[in-house]
C-alpha cells in the first residue's frame, strides 16, 4: 500500500501573533481616580466645591430683603439712594434730585418692597441717548435680571419696544417696532396689573399688554426694578399703589 501524504495545518496569521496587553480602563472595575493619593483626592474635592459654591449660594440665599412698604412714593430729593433699594452693580446714583443710571448693563435697581398681585407702578423717565433703550422690570425676584417681566422702550438702537416674560429675547415676547424714544423727553410710565392682565402705558397711552394665563406672582415674583443697558437714563417720581 502506498503512504498517504499528510498536510501540516497552517494557523491563521492573527493567531500566531501575541496579543498586545490592553490598557487598564474603567471597564476593568477601577475608576480613573483610583490611583490618586489622599492629598490629590482632597484637592480635587476642593476644586469641585469651589466651582459649585455660586450654585449653593443661589439656593440658600433666601428671599430679597424688605425695607419698604406699599403704597410707596419717592421723589429722590436727597443725596444718597438709601436703604430701600438694592443693586448688584451699575453705579446707580442720585443727581440733582433725580435717579441716574449711566448704563447699568442689566443690573436693575430693585425697590425693596413686596408688590401685591394687583398693583400700579408709575414713574418719570428720560433717555439722554439717541438709542433710547429705556428699561425696567416688574414682578422679578429683587436680585436677578429677567426674573419677571421686562419692559424695553426703544431697545436695540431705538428699533424695537418689547414686553417680555423672563427673557427679553424670547419668542413669546410682545413687540412693537413703530414706537421710538425721543432723546431728552420725559415720559410718564405706568405698569399696571389686575388679575392676569399686565398693561404698560406711556403718557396715558397703552403701549402693550399681556394677558398671562400663568401670571408671575407671589414669592420670587413680587419686586419692581429700574434698569438700563448702555443708555444714560434718569428716573424720578416713583409711585407704587395697590389696586
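Rule-based calculations on the coordinates, nothing more; no lab input. Remember, predicted model here, so these are calculated numbers, not experimental data. With ideal geometry, Cβ positions are generated from the backbone for all residues, glycine too; neighbour counts draw on all protein chains shown.
Ranked by the mean number of other Cβ atoms within 10 Å of their residues, highest first, the peptides 177-189, 100-112 fall in the order 100-112, 177-189. The simple spin-label model puts a point 7 Å past each Cα toward its Cβ; for residue 130 and residue 243 those points are separated by 3.8 nm.
Given their separation in residues at 0.36 nm each and the Cα-Cα distance between them, residue 230 and residue 118 gain 37.2 nm when the chain is fully extended. Using every pair of distinct Cα positions in the stretch 72-242, the Kirkwood expression returns a hydrodynamic radius of 15.6 angstrom. Using 0.36 nm per residue and subtracting the Cα-Cα separation, the extra length available between residue 78 and residue 66 on full extension is 2.2 nm.
The length gained on full extension between residue 38 and residue 175, counted as 0.36 nm times the residue separation minus their Cα-Cα distance, comes to 43.5 nm. As a rough guide to protection, the peptides 125-131, 202-208, 143-149 ranked by mean Cβ packing within 10 Å, highest first, stand as 143-149, 125-131, 202-208.
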